[in-house]
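As structure tokens, the structure follows; a few thoughts come after it.
The values are calculated or read from the model by the stated rules, or taken from the named source; none is laboratory data. Bear in mind the structure is a predicted one, so any value in this text is a computation, not a measurement. Positions of Cβ are generated from backbone atoms using ideal geometry, with glycine treated the same way; all protein chains shown enter the neighbour counts.
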């Protein structure tokens with residue numbers, strides 16, 4: 001039996017909204033220390049790693065690890081119906097083979113979705129990736145840069161030098177260059193050097209999680225996968241994206 005009460009519903013709502021952009025079915029692992037998920041999209045272009053820690057919940061009961069397969073489209077439909085001023089309670093009874101989501105606000109609404117029998121595929125080796133460059137930067141800068149790039153082309157180049165972070169996009173007749181210099185933004189943290197191109201459509205989906213954290217960490221290498229991390233006190237959400245070579 002799992003029971004979890006969450007009043008800061010934005011953590012759950014914003015995370016699921018972003019994850020559901022690329023994953024249609026996944027196994028959520030309910031553990032004593034919190035909820036975890038690692039999955040890849042069907043095209044094997046992107047992967048997601050999600051952790052909602054025990055301390056995020058007002059009440060959390062889980063005495064053993066339980067794997068819960070869910071359809072993300074169905075879950076997202078419910079999540080969209082939850083107001084950020086409401087509380088949610090998640091209940092899992094393995095014998096009933098379903099997940100109950102109880103929403104408490106001006107009324108009490110109870111949603112039930114079935115637990116799916118999803119085979120565990122080989123997980124993407126996210127922890128084995130070794131990056132040559134890193135940028136810790138204001139989330140809004142990346143969000144605006146991706147939106148700007150989307151008006152120009154279907155891919156965008158990320159570039160890191162010891163002193164600058166750069167995004168480049170080029171279409172048939174238009175160009176974009178976004179540049180942030182350490183002297184311009186003292187909070188900018190840069191490590192290493194790299195340049196790589198990534199598809200804009202996936203990046204736009206990842207940025208559905210932008211409200212989770214004011215800062216974003218981008219790890220990548222030259223013509224190498226990128227890892228984008230949203231890391232707050234009680235939630236961690238990361239996306240890995242293959243480069244466009």
> Taking segment 28-41 only, how many residues are in a loop (DSSP other than H, G, I, E, B) and more than 18 Å from the chain's Cα centre (by Cα)?
Replying inline: 2
> Only one of these conditions is not met by residue 99: (1) under 17 Å from residue 25 (Cα atoms); (2) touching a residue at least 60 places away in the same chain (Cβ under 8 Å); (3) assigned to a strand (DSSP E or B). Which number is it?
Replying inline: (2)
>> List pairs: first residue in segment 144-159 and more than 21 Å from residue 182 (Cα to Cα), second residue in a loop (DSSP other than H, G, I, E, B) anywhere in the structure, Cβ distance under 7 angstrom, at least six positions apart or on different chains.
In response: 152/171; 152/174; 153/171; 155/244
> Before we move on, is residue 106 under 14 Å from residue 81 (Cβ atoms) and surrounded by fewer than 13 Cβ atoms within 10 Å (Cβ to Cβ)?
Replying inline: yes
>> Please verify whether residue 64 is out of contact with any helix residue (DSSP H, G or I) (no Cβ under 8 Å at 6 or more places or on another chain) and surrounded by 12 or more Cβ atoms within 10 Å (Cβ to Cβ), treating the condition exactly as stated.
In response: no
> Which residues, counting only those in segment 5-27, are part of a strand (DSSP E or B) and touching a helix residue (DSSP H, G or I) at 6+ places or on another chain (Cβ under 9 Å)?
Replying inline: 6, 25, 26
>> Just to be sure I understand, how many residues within segment 67-90 are out of contact with any helix residue (DSSP H, G or I) (no Cβ under 8 Å at 6 or more places or on another chain) and either under 15 Å from residue 114 (Cβ atoms) or part of a helix (DSSP H, G or I) (or both)?
In response: 10
> Which of the residues spanning segment 42-61 are part of a loop (DSSP other than H, G, I, E, B) and surrounded by fewer than 20 Cβ atoms within 10 Å (Cβ to Cβ)?
Replying inline: 42, 43, 44, 45, 58
>> Going through 100, 86, 59, 49 one at a time, which residue ends up being at pLDDT 95 or above and closer than 19 Å to residue 213 by Cα?
In response: 49
